[in-house]
Amino acid sequence: MLPDDRIAQYPLERRDHSKLLVYKHEQISEDVFSNLSRHLPSDSLIVFNETRVIHARLLFYKESGSPIEIFCLEPLVPFRDHHQAFQQKENTEWLCLVGNSKRWKGGRIELGIEEDGQSIKIFAERVIKIEGGTSQVRFSWTPAGLTFAEVLELAGKIPLPPYISRKAISKDEVTYQTIYARHDGSVAAPTAGLHFSDEVLASLKERNIDSLKFILHVGAGTFRPVISDDLAGHEMHAEKVYLSLEALKALRSCLNRPVIAVGTTTTRLLESLYWHGVKVIKGLSEGAVIDVRQWDPYDLHGNQDITREDSLDSVIRECKKTGNTLLTGKTSLLIAPGYRFRYSDILITNFHQPRSTLLLLIAAFIGQDWRKAYQYALDHDFRFLSYGDGCLFFRRG
């Protein structure tokens with residue numbers, strides 16, 4: 001367990017003033033994040049996740065006064081696609097976590113707010129309880145002309161992670177978003193990106209480091225610890241992904257350059273792209289529909305001879321053939337020690353919780369030296385988790 005006093009409860013005043021642990025050639029040093037570009041190779045490619053955190057927490061009250069908190073996880077009806085679901089008007093159904101669930105026996109509960117002199121009412125009905133502790137919840141609202149994105153923005157709260165033991169404040173609206181966030185859908189921030197400022201992005205350009213942006217909507221499962229005795233008993237959460245054909249082409253043209261992944265989410269997305277291509281080559285997936293399962297790398301390990309170039313070419317070719325300009329779907333890829341990375345040479349990330357799948361990914365990336373890096377951080381007053389300090393890891397081997 002991490003000591004409570006090492007878990008950052010608030011961000012720094014300037015997001016790029018966080019400390020930066022640098023692991024390179026099995027050596028550890030430290031700097032400040034604003035100097036990131038000095039440690040990166042010029043003429044490389046940096047890949048960002050431009051997902052945006054939604055106001056996923058809605059606090060309703062029963063007539064008795066009992067609070068019912070509903071945490072929106074992902075859309076179900078009439079669209080499972082985030083982009084379409086957020087534009088839905090009048091009503092929609094989502095997979096949700098329900099706080100104080102036992103007090104909600106049934107019926108419709110209501111949340112009312114006033115915005116610019118306009119009265120807005122949101123109603124929630126539980127359609128069904130689902131195994132695993134989630135529920136399918138039907139939302140409706142007035143005025144019906146509002147989109148669900150607008151409803152959440154007006155009535156919801158930013159979903160700080162459970163280890164931040166305070167209520168969200170107005171400042172979190174800015175600090176718990178990356179400055180390049182564009183597409184609504186995450187219920188947790190891709191926290192490695194929280195350190196980037198306009199000045200840091202400008203310094204990357206000065207070193208001829210090109211950037212590429214994909215989308216992986218981070219789910220609440222990112223906080224779920226590994227509690228089983230072995231990985232076989234852990235069910236990895238699935239997360240929605242969106243990759244444009246143009247971005248895939250851009251990635252293909254840069255494979256002769258070092259690839260820098262901003263965050264474990266970006267790393268998982270890049271590696272999922274490889275395994276999706278393998279499945280396309282084997283006739284197991286359609287080109288424009290990604291569905292990578294947590295054990296695919298281990299079930300398909302006999303296809304190690306397929307290069308990342310061949311994998312990516314197969315996806316691009318199939319998308320062109322079918323006229324698709326957007327690759328969509330989901331990934332539940334699990335990366336654990338022993339995994340061989342195809343894309344990411346360098347990883348920018350935060351410090352993660354013990355017994356998390358995120359830490360397993362770090363252990364796969366730099367081997368057993370992750371222990372040395374984390375001990376260094378503990379010994380040198382680094383701040384941990386979402387609002388904590390950053391790491392720059394150069395892949396080992």
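The values are calculated or read from the model by the stated rules, or taken from the named source; none is laboratory data. Remember, it's a predicted structure, so these values are computed and weren't measured experimentally. For neighbour counting, all protein chains shown are included, and Cβ atoms are generated from backbone atoms with ideal geometry for every residue, glycine included.
Here are a few things to note about the model shown:
- Residue ID - surrounded by the most Cβ atoms within 10 Å (Cβ to Cβ), chosen from residues in region 333-361 that are polar (S, T, N, Q) and touching a strand residue (DSSP E or B) at 6+ places or on another chain (Cβ under 7 Å): Asn350
- Among the conditions (1) buried (at least 18 other Cβ atoms within 10 Å of the Cβ); (2) modelled with pLDDT of 95 or more; (3) of a type in the set (S, T, N, Q), Thr222 misses just one, which is (2).
- When residues of region 91-124 are limited to those that are in contact with an Asp or Glu (Cβ under 9 Å, 6 or more places away or on another chain) and free of Cβ contacts under 8 Å to residues at least 24 places away in the same chain, the one surrounded by the most Cβ atoms within 10 Å (Cβ to Cβ): Phe123
- Residue check, Ile316 within 23 Å of the chain's Cα centre (by Cα) and either on the phi < 0 side of the Ramachandran plot or at pLDDT 95 or above (or both): no
Residue-wise test of (1) crowded, with 18+ Cβ neighbours inside 10 Å; (2) touching a residue at least 40 places away in the same chain (Cβ under 8 Å); (3) part of a strand (DSSP E or B).
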{"residue": "Glu30", "(1), (2), (3)": "no, yes, yes"}
{"residue": "Leu36", "(1), (2), (3)": "yes, yes, no"}
{"residue": "Ser42", "(1), (2), (3)": "no, yes, no"}
{"residue": "Phe60", "(1), (2), (3)": "yes, yes, yes"}
{"residue": "Ser64", "(1), (2), (3)": "no, no, no"}
{"residue": "Ile70", "(1), (2), (3)": "yes, yes, yes"}
{"residue": "Leu73", "(1), (2), (3)": "yes, yes, yes"}
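- Taking the numbered list (1) touching a helix residue (DSSP H, G or I) at 6+ places or on another chain (Cβ under 7 Å); (2) over 30 Å from Ala8 (Cα atoms); (3) hydroxyl-bearing (Ser, Thr, Tyr) in turn, Ser135 passes all entries but (1).
- Failed item, numbered, when Gly112 is tested on (1) within 23 Å of Arg15 (Cα to Cα); (2) of a type outside the set (A, V, I, L, M); (3) more than 26 Å from the chain's Cα centre (by Cα): (1)
- Screening region 372-397 for residues that are free of Cβ contacts under 8 Å to residues at least 60 places away in the same chain and not in a loop (DSSP other than H, G, I, E, B) and picking the one that is nearest to Thr267 (Cα to Cα) gives Tyr374.
- Top-ranked residue of region 309-332 - restricted to ones that are closer than 23 Å to Gly221 by Cα and of a type outside the set (S, T, N, Q), ranked as surrounded by the most Cβ atoms within 10 Å (Cβ to Cβ): Leu327
- Residue count, region 296-308 (criterion: surrounded by 14 or more Cβ atoms within 10 Å (Cβ to Cβ) and under 26 Å from the mean Cα position of the chain (by Cα)): 4
- Sole exception among (1) within 21 Å of the chain's Cα centre (by Cα); (2) at pLDDT below 95 for Leu326, by number: (2)
- Number of the exception - Val262 against (1) within 27 Å of Asp43 (Cβ to Cβ); (2) in contact with a Gly (Cβ under 7 Å, 6 or more places away or on another chain); (3) free of Cβ contacts under 8 Å to residues at least 60 places away in the same chain: (3)
- Any hit, region 289-310, residues being assigned to a helix (DSSP H, G or I), in contact with a Lys or Arg (Cβ under 9 Å, 6 or more places away or on another chain) and of a type in the set (A, V, I, L, M, F, W, C): no
- Filter pass, Ile28 being in contact with a Phe, Trp or Tyr (Cβ under 6 Å, 6 or more places away or on another chain) and farther than 21 Å from Val174 by Cα: yes
- Tally of residues being touching a residue at least 24 places away in the same chain (Cβ under 8 Å), farther than 27 Å from Gly287 by Cα and among the aromatic types (Phe, Trp, Tyr) across region 330-371: 2
- Candidate set from region 75-90 (those that are in contact (Cβ under 8 Å) with a residue 24 or more places away in the chain and closer than 18 Å to Pro159 by Cα); member that is farthest from the chain's Cα centre (by Cα): Phe86
- Subset of region 125-142 [surrounded by 19 or more Cβ atoms within 10 Å (Cβ to Cβ) and farther than 19 Å from Arg80 by Cα]: Trp141
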